[in-house]
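Please read the structure below before turning to the comments.
We did not get these values from a lab; they are worked out from the coordinates using the rules stated. Because the structure is a prediction, the values reported are computed rather than measured. Positions of Cβ are backbone-derived with ideal geometry, glycine not excepted, and every protein chain shown enters the neighbour counts.
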Amino acid sequence: MESKLALQVGTTLDRFIMRKQEDFPFATGELSQLLRDIALAAKIVNREVNHAGLIGIGGAYGAQNVQGEDQQKLDVIANIRFIRALRNGGEVCTIISEEDDEMIQTGNCKGKYIVAMDPLDGSSNIDVNVSIGTIFSIYRRLSAFGEDGVMNDCLQPGTQQVAAGYVIYGPSTMMVYTTGNGVNGFTYEASLGEFYLSHQNIRIPENGNIYSCNDGNYWQFDEGTRAYLDYCRKASMTARYTGSLVGDFHRSLLKGGIYLYPATGKAPNGKLRLLYECNALAFIAEQAGGIATDGKKRVLEIQPTELHQRLPFIIGSKNMVEKAHTIIQGQAVAV
Ligand code: P6P
C-alpha cells in the first residue's frame, strides 16, 4: 500500500522512513530507528573517508582480520563507528561483522534485531581514491528477548532479511536500501548533514552491456565461466571492474550489467561472504527486478552454516544472469 502522501525526490531519508512506516500500521518504530542509526554511522564514516589522506588514517592498520586480509585503518574505524551507533541505538542485540571473528553482543538484550555488516568493503581502494562501501543486512532475532542473541539468530537465510542496503562512498555518497517494498537511493548533502531521496523505486534494466569480473583469474575459473567470459568478449561487451563490490554492483543496478566472483583455485568456495556481502545485495537486486545466485542456486535461499562462509557470486540484470547460467552450465554454445 503506497504512503498516503506522495514522496518526492528531495524528501529526506528521515521523512521517507517515517512516511514508509505509516504503510505498516503495526510498526512500532524500532526498524525505522535502526535505519536512522545506520545512516548516522554512515555520515560519520563518510567524513572520515573523505579526508583519510589528510589526517593520516589511510593505509594499512598493521593487522589482519579474521579473513586473513590486511586491515586498513579505515576498516577498523568504520567497524568501531557502526558498532557504536548500533549499540547506542538500542535496537540491535547482536552484530556480525567482517572485521570480527565472533558475534558481537551489544548488551541490548531487548533489541529485536540482528545486523550483519561489512563496515567498509573494498578498502584496499581507499588509498587510490576509488569508491568503497558499507553493506548491511537486518534480521529479526529468533531467540527470546532479554538475552544475548545466539548463533541461530545469525544463521538465517537471506529470505528472512527485513531490510538490507549499502552505502557507497564515491563522487557522491549514497545510501541505497530496501525493506522488501522496492529499492530507493538517497544522496548525502554533507553541508546539510542529510540524505535526500534521489533515486526513487530503482529498477535494474533487464539487459545490459557491461560485465564485471576479475579477468586476471581467467585461467583459475572453470571451463563454463571461461566460456561465458569468451562470450562477453566476442559480443564486444564492455568490461568494468573496480575491485569494490559495492561500486561494481551499484553501476549494474543503475545501468544494467552483471558482476561475477566465481570460484577460483585460490578461493575454491568463492571470495565473497554470504552473510554480510551477498545476501544484502541479492535482496536489493531481486527487489529491483534482478537475479543473484551462486552460479546455480538463488543466494537468498542458501542456509548459512558459518558466520563467514563464502560462495561463488553472480548478480545483476535478469537476462544477463540467465544467459550466464546457460553458458556456464554448458547448456548453450557460446557464440
Ligand atoms: P579481487 C574487496 O576485497 C572485495 O571483497 C570486493 O569488494 C571486490 O569486488 C573483490 O573483493 C575484489 O577481489 O580478488 O578481484 O581483488
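Quick notes on this structure:
- Cα Rg, Dmax (largest Cα-Cα span) when computed across region 224-268, Å: 11.7, 32
- Label separation (THR28 vs ASP14): 2.4 nm, computed from points 7 Å beyond Cα along the C-beta direction.
- Tail beyond 39 Å, pair distance distribution of the chain (Cα, percent): 10 percent
- Alpha-carbon Rg/Rh ratio, for region 9-199, with Rh computed the Kirkwood way: 0.96
- For region 273-279, Karplus couplings with θ = phi - 60° (6.51, -1.76, 1.60), whole Hz, Gly/Pro x: 9, 5, 5, 10, 10, 6, 4
- For region 210-328, the equivalent ellipsoid derived from the alpha-carbon gyration tensor has semi-axes of 20, 17, 13 Å in decreasing order.
- Taking all Cα pairs closer than 8 Å and separated by 6 or more residues, the relative contact order of the chain comes to 15 percent.
- Averaging 1/r across all pairs of distinct Cα atoms in region 102-223 and inverting the result yields a Kirkwood radius of 17.4 Å.
- Amide H contacts under 5 Å for GLY295: ILE314, restricted to partners 5 or more places along the chain or on a different chain, H placed in the peptide plane at 1.01 Å from N.
- Report note on the peptides 109-118, 66-75: ranked by the mean count of other C-beta atoms within 10 Å, highest first, their order is 109-118, 66-75.
- Amide H contacts of ILE132: TYR169, each under 5 Å away and 5 or more positions distant or on a separate chain (H built 1.01 Å from N in the peptide plane; Pro and chain starts excluded).
- For the residue pairs LYS271/LYS323; LYS20/LYS271; LYS271/LYS318; LYS112/LYS266; LYS43/LYS73, the C-alpha atoms sit more than 27 angstrom apart in LYS20/LYS271; LYS112/LYS266.
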